[in-house]
Structure formats: C-alpha cells, structure tokens
1. Using unit Cβ charges (K, R positive; D, E negative) and no other charged atoms, how large, in debye to the nearest 20, is the dipole of chain B about its Cα centre?
2. Hey, what do the phi angles of the range B:116-122 turn into as Karplus ³J(HN,Hα) couplings, whole Hz, using 6.51/-1.76/1.60 and θ = phi - 60°, x for Gly and Pro?
3. Using the scaling law 2.2 N^0.38 Å as the reference, what is the normalised Cα Rg of chain B?
4. For the range A:31-107 and the range B:94-108, what is the separation of their Cα centres, given in Å?
5. Tell me, what HN-Hα J-couplings in whole Hz come from the Karplus equation 6.51 cos²θ - 1.76 cosθ + 1.60 at θ = phi - 60° for each residue of the range B:98-109, using x for Gly and Pro?
6. For chain A, what Kirkwood radius comes out of the mean inverse Cα-Cα distance, in Å?
7. Given A:103/B:98; A:39/B:65; A:42/B:98; A:42/B:76; B:43/B:65; B:76/B:98, which pairs have Cα atoms separated by over 19 Å?
8. Per residue, what volume in Å³ does the Cα convex hull of the protein assembly as shown take up?
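Since every read-out is calculated from the coordinates, none of them should be taken as a lab result. This is a predicted model, so every value here is computed, not measured. Counting neighbours? That spans all protein chains shown, and the Cβs are built from the backbone with ideal geometry, glycine included.
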Amino acid sequence: DIQMTQSPSSLSASVGDRVTITCQASQDISNYLNWYQQKPGKAPKVLIYDASNLETGVPSRFSGSGSGTDFTFTISSLQPEDVATYYCQQYYNLPFTFGGGTKVEIK
Amino acid sequence: EVQLLESGGGLAQPGGSLRLSCVASEFTFTNYAMSWVRQAPGKGLEWVSGISGSGGTTYYADSVKGRLFISRDKSKNTLYLQMNSLRTEDTAVYYCAKDRRWLLLSGAFDIWGQGTTVTVSS
C-alpha cells in the first residue's frame, strides 16, 4: 500500500496568514492526488484534484502543487471559515489511501 | 445539483449484519464508478470498497474483504454496502463517494454523501 505522510498534524495561524501543508507519498504517484477540507460533523469536500487543479467553486486562495512523491497545499490568506481538517489522498494505486490529516485553527 | 444520500446505518452486534444504501441524483449513475469510504470516531479516512460504473468489477480493502460486499442497482440509482460478520473495528461513519472519471474506478472522488453512522457493539 502507498503510505501518505502529511505534516504538520496541526497548526495555528492568524487570519491573513499564508498556510502550507505538505504530503509525501511512499512511492511515485505522478499527480494522482486530491486535497480535501473536512469541517466537524461534515463530509470531506474536494478542494484540489490532480494535485493542482482547483475544484469548481472553490476560492482561489486555495492551491496545490507537486508531482511524484512531494506535494504542497497552500492557503494564501487564512480566513476564519477555513478552520477545518485537511487531508491528502492518492489515487495512483489501490487501495486508495489518505494522509493522517492536518487540523487548522485560528490563533 | 449532484447529490448522494446515505442511509441504513445503526447499531449492530458483533457478528451481525447491516446494509447501507446511497441514493444518487442529478447525474447519469451508470456512467461513474462509486466507492465507500469510512471514518472511525476521531480518526482519519479509510477507503473501503469501490465498484465500476457497470457494476461488473468490484474492489475491496484487505480489512473488509470477504465480509463487506458492494453492489449497485441502476434502476434505483442506488449504491449498496452489505456488511456481514461485523466487528467492533467497523464502527465508523460511512460515506459514499462518486468518481470524477467515466466508468472505471479511478479514486478521483468529486462528490461525497453526508455519511451514515455504523456502531458495532454488544
């Protein structure tokens, strides 16, 4: 199975800050990567697909980059409504696997 | 608006059974592969099972192989997960998820349901 290592596991930042989350795959996954936002009690919502494509309707402050084994998710200017847990997910191979999540809070 | 609505969760005893359903709307159901993904309380996400658009090919995580069975009914636009020989570690919120790409299971999920909760306890 492909292991997805996400870091940090949690972070606290101020409104307006730039926030970066990384995800490392245990083997080359090309660009077969989703980024999700999950708010408490809600289903995950896709923000980024194919590593860098912004899902329709998602604010442009969210972005993704990377290919191969190393990926980055960025919130360019953190907003109060961005408080959530963020997950990466690879779909290069079965079983599809997720990172452990990054909990983002407002300082 | 594309929607997925799960149901069928509840309390089951270890060794028992449950059947989850996921009703799809506002898209051509047979064109897209579907999956079930679960989330244990306070934990991360785990892909459980997937099925092709035609229903002819199914896939399972090792942790559920031989106990959980995925199927779909095109006449009802409904995805199912038959859960047998339930274990306490199957306790989780179960989400159905639609594949972004046509027919074959790609894992590039784009739409998720709201989830249904399964609790396995004596």
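1. 220 debye
2. Result, ordered by residue: 9, 9, 10, 10, 10, 7, 8 Hz.
3. Working it through for chain B, the quotient is 0.98.
4. Rounded to whole Å, the Cα centres lie 17 Å apart.
5. Working through the residues one at a time gives 8, 7, 6, 9, 6, 6, 8, 6, 10, x, 7, 6 Hz.
6. 13.6 Å
7. A:103/B:98; A:39/B:65; A:42/B:76; B:43/B:65
8. Spread over its residues, the Cα hull of the protein assembly as shown gives 111 Å³ apiece.
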